[in-house]
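The values are calculated or read from the model by the stated rules, or taken from the named source; none is laboratory data. Computed from a predicted model, the values in this text were never measured in an experiment. Every residue, glycine as well, gets a Cβ built from its backbone with ideal geometry; the counts of neighbours run over all protein chains shown. Calculation scope for accessible area: heavy atoms of the full protein, side chains included, ligands and nucleic acids excluded. Shrake-Rupley method; radii C 1.70, N 1.55, O 1.52, S 1.80 Å.
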Amino acid sequence: MLKERGISPADVTQLERLAIVGESGMGALTYRPAWDVHQNAALTDLDELSAKCHAILNHEDVDDLDAMFQMGGSSGGARPKLMTDEWIIKFPASGDMKDNGLMEKEYMDCAAECGIIVPETKLMPSQKCSGYFAVRRFDRERKNGTMVRKHMLTAAAILEIDWRTAALDYHTLMKLTNILSRSNMDDLLQMYRRMCFNVFAHNRDDHAKNFSWIYNEKNDCWHPSPAYDLTWSSTYFGEHTTTVDGNGRDPGMKELLAVGKAAGIGTKVCRKIAEELQEYTHSIQLKFTGLRS
């Protein structure tokens, strides 16, 4: 979009980048004066949008770049997205299998069965695949007919670390949760369950932007956001992006218990949760490991 306007992305300053984000970013922060990008066309065909996203990723010419940019927002992530006030709809990235949306939907359903708090999800209809994965935004809440923005922070933002590299351990996530939530044990158990799920369900794309906290104004603290971006992933280097007690390649029960125990969760409770999640996630990991191999 910038190149179409004769602007080199390398010449855009930090303040100009914030102006481009404007009101389209995740969370409650907005930036003014914003670069007002008008949506020139109403693109409602999801299959058409998916094709346009693939064309952009392949450096092909695409019409309606302004509209695509506005709908894409500033959520980031590996897969192209369409953002509305209440929903985020994902399209497969280059190299993804066409039913990637169905896989993520089943992973999120499995996470919910494992006692993990997840947003509402659904599959949007498609003529080319089993459906596009859609997740309800948790940084927005409708109150009395008005959409209210919620403050949201990722681990990458709080710790100022590069989410693209393996720069985090679950020990740190547990400590961060304890500090932000003011030692809320329910929040610690949620983070422990997510760690166990990622290990047993083979979700190794557990980088620092995939863990967020939402501000609770009433209690003046931060609670873990509903879980997101839970799906089968090996990452390009084959290891967890967030290590488990220092182990990113093949963490297991030993490492999970070590992280839970250090966080102040009893060993019996840690083992019980880990064994439950290992059982719940066994079938889904086998199913999608077979499809991806």
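Below, the figures for the structure above:
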| quantity | calculated |
| --- | --- |
| In the range 257-266, the residues that are within 19 Å of residue 247 (Cα to Cα) and free of Cβ contacts under 8 Å to residues at least 40 places away in the same chain | 257, 258, 261 |
| Condition check for residue 109: farther than 13 Å from residue 227 by Cβ and surrounded by fewer than 20 Cβ atoms within 10 Å (Cβ to Cβ) | no |
| Residue list for the range 123-159, restricted to those being of a type in the set (D, E, K, R), surrounded by fewer than 16 Cβ atoms within 10 Å (Cβ to Cβ) and modelled with pLDDT of 95 or more | 136 |
| Scan of the range 231-252 for residues that are out of contact with any helix residue (DSSP H, G or I) (no Cβ under 6 Å at 6 or more places or on another chain) and either open to solvent by 40 Å² or more (accessible area, probe 1.4 Å) or of a type outside the set (Val, Ile, Thr) (or both), ordered by number | 233, 234, 236, 237, 238, 239, 240, 246, 248, 249, 250, 252 |
| Residue check, residue 218 at negative phi, more than 16 Å from the chain's Cα centre (by Cα), free of Cβ contacts under 8 Å to residues at least 24 places away in the same chain and in a helix (DSSP H, G or I) | no |
| Residues that are among the polar types (S, T, N, Q) and either in a helix (DSSP H, G or I) or farther than 19 Å from residue 251 by Cα (or both), drawn from the range 173-215 | 177, 178, 181, 183, 184, 190, 198, 210, 212 |
